[in-house]
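This report refers to the structure that appears directly beneath it.
The values are calculated or read from the model by the stated rules, or taken from the named source; none is laboratory data. Since we're looking at a predicted model, the values are computed, not measured. When we count neighbours, we look across all protein chains shown, and the Cβ atoms used for this are built from the backbone with ideal geometry, even at glycine.
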Amino acid sequence: MAFWTELALDCARVARQRLRLPESESPVAIILGSGLGGFADSLEDRRSLPFTGLPGFPPPTVQGHRGELVYGRVSHVPILALQGRIHGYEGHDAATVAFPARAVGALGARALVVTNAAGACNPSLAPGDLMRITDHINFTGRNPLTGPNEERLGPRFPDLTHAYDARLATALEEAAAGLGQTLRAGVYLQMMGPSYETPAEVRMARTLGADAVGMSTVPEVIAAAHMGLPVAGISCITNLAAGVAQHPLTHQEVIEVARAVAGKFSDLLRAFLPRAYAAVPPRTALA
């Protein structure tokens, strides 16, 4: 039985009905990370649905993750925004964590934009920087595709060479340049959490080629790549990682820095999302 496929189809049907989503639209979907969810409140023609009203969506338990699926528009472009996400450290397996990506894929999203709050292990990055994710390292030991392959969603052995889409990367760089913003670029490494990394782990991550570390995002990107859903990623650098920073790390610091950079982040998304919509073709909904 294709469990996740059927659940994604069921979730897509419920979301389409309750949010009154036009069947002909192929929106850009975006997952908003810690402290970044406020962007969805600014969407035009906004309507929302709590995660608890969607089949397959556990409620988030982390501060800064409201737990709503929001439909709206930016400059007439249809957007599906997830205010918050689910994490493995909350007790969920990787397939559950990745399920929202599958659900928006089933709804016919043409692209997925993943965002997160991350710690800098590259000393050239600073809190408040925005970083385009060029690639990732999965250091969780978990993969959302473990188990029987969901043939209707994608192949048994998907290629992740181009998991972060070049067309969307160009559109993101152009959006930042048009605003006069400095957009950094680097590799994101995911640890399991919820404890922050040790200084030795941060040194290891840097040795492996990572520029930023965090506790999310990778399962969603893998699931999207499995479906052939183009992805762009943005990390908001909210803190210096352990051993780089000289003070104790706290989630409150992450939330505060993310909120402080919210205006710059929102400006970038407003410039980028219409470009993302134009950069990739529409996809057909599964449900």
Residue among 255, 222 that is assigned to a helix (DSSP H, G or I) and modelled with pLDDT of 85 or more: 222
Some residue of the stretch 158-172 being among the aromatic types (Phe, Trp, Tyr), at pLDDT 95 or above, more than 16 Å from the chain's Cα centre (by Cα) and outside any helix (DSSP H, G or I): no
Residue among 146, 140 that is free of Cβ contacts under 8 Å to residues at least 60 places away in the same chain, surrounded by fewer than 21 Cβ atoms within 10 Å (Cβ to Cβ) and part of a loop (DSSP other than H, G, I, E, B): 146
Qualifying positions in the stretch 29-59 - part of a strand (DSSP E or B) and surrounded by fewer than 21 Cβ atoms within 10 Å (Cβ to Cβ): 44, 45, 46, 47, 48, 49, 50
Some residue of the stretch 199-218 being of a type in the set (Val, Ile, Thr), touching a helix residue (DSSP H, G or I) at 6+ places or on another chain (Cβ under 8 Å) and in contact (Cβ under 8 Å) with a residue 24 or more places away in the chain: yes
Restricting the stretch 173-204 to residues that are in a loop (DSSP other than H, G, I, E, B) and among the hydroxyl-bearing types (Ser, Thr, Tyr), the residue that is surrounded by the fewest Cβ atoms within 10 Å (Cβ to Cβ): 182
Breaking point among (1) of a type outside the set (Ser, Thr, Tyr); (2) at negative phi; (3) touching a helix residue (DSSP H, G or I) at 6+ places or on another chain (Cβ under 6 Å), for residue 56: (2)
Within the stretch 60-95, considering residues that are at pLDDT 90 or above and more than 30 Å from residue 275 (Cβ to Cβ), the one surrounded by the fewest Cβ atoms within 10 Å (Cβ to Cβ): 91
Which numbered condition residue 73 fails, given (1) within 19 Å of residue 113 (Cα to Cα); (2) of a type outside the set (Val, Ile, Thr); (3) assigned to a loop (DSSP other than H, G, I, E, B): (3)
Filter pass, residue 102 being among the basic types (Lys, Arg), under 15 Å from residue 222 (Cα atoms), outside any loop (DSSP other than H, G, I, E, B) and in contact (Cβ under 8 Å) with a residue 60 or more places away in the chain: yes
Subset of the stretch 45-83 (residues that are closer than 19 Å to residue 270 by Cβ and in contact with a His (Cβ under 8 Å, 6 or more places away or on another chain)): 83
Any hit, the stretch 234-249, residues being among the small types (Gly, Ala, Ser) and at pLDDT 85 or above: yes
Residues that are under 12 Å from residue 226 (Cβ atoms) and either hydroxyl-bearing (Ser, Thr, Tyr) or exposed (fewer than 12 other Cβ atoms within 10 Å of the Cβ) (or both), drawn from the stretch 156-172: 156, 157, 159
Any hit, the stretch 19-28, residues being at pLDDT 90 or above, buried (at least 19 other Cβ atoms within 10 Å of the Cβ) and within 16 Å of residue 269 (Cα to Cα): yes
Set 123, 127: member being closer than 18 Å to residue 206 by Cα, assigned to a loop (DSSP other than H, G, I, E, B) and touching a Ser or Thr at 6+ places or on another chain (Cβ under 8 Å): 127
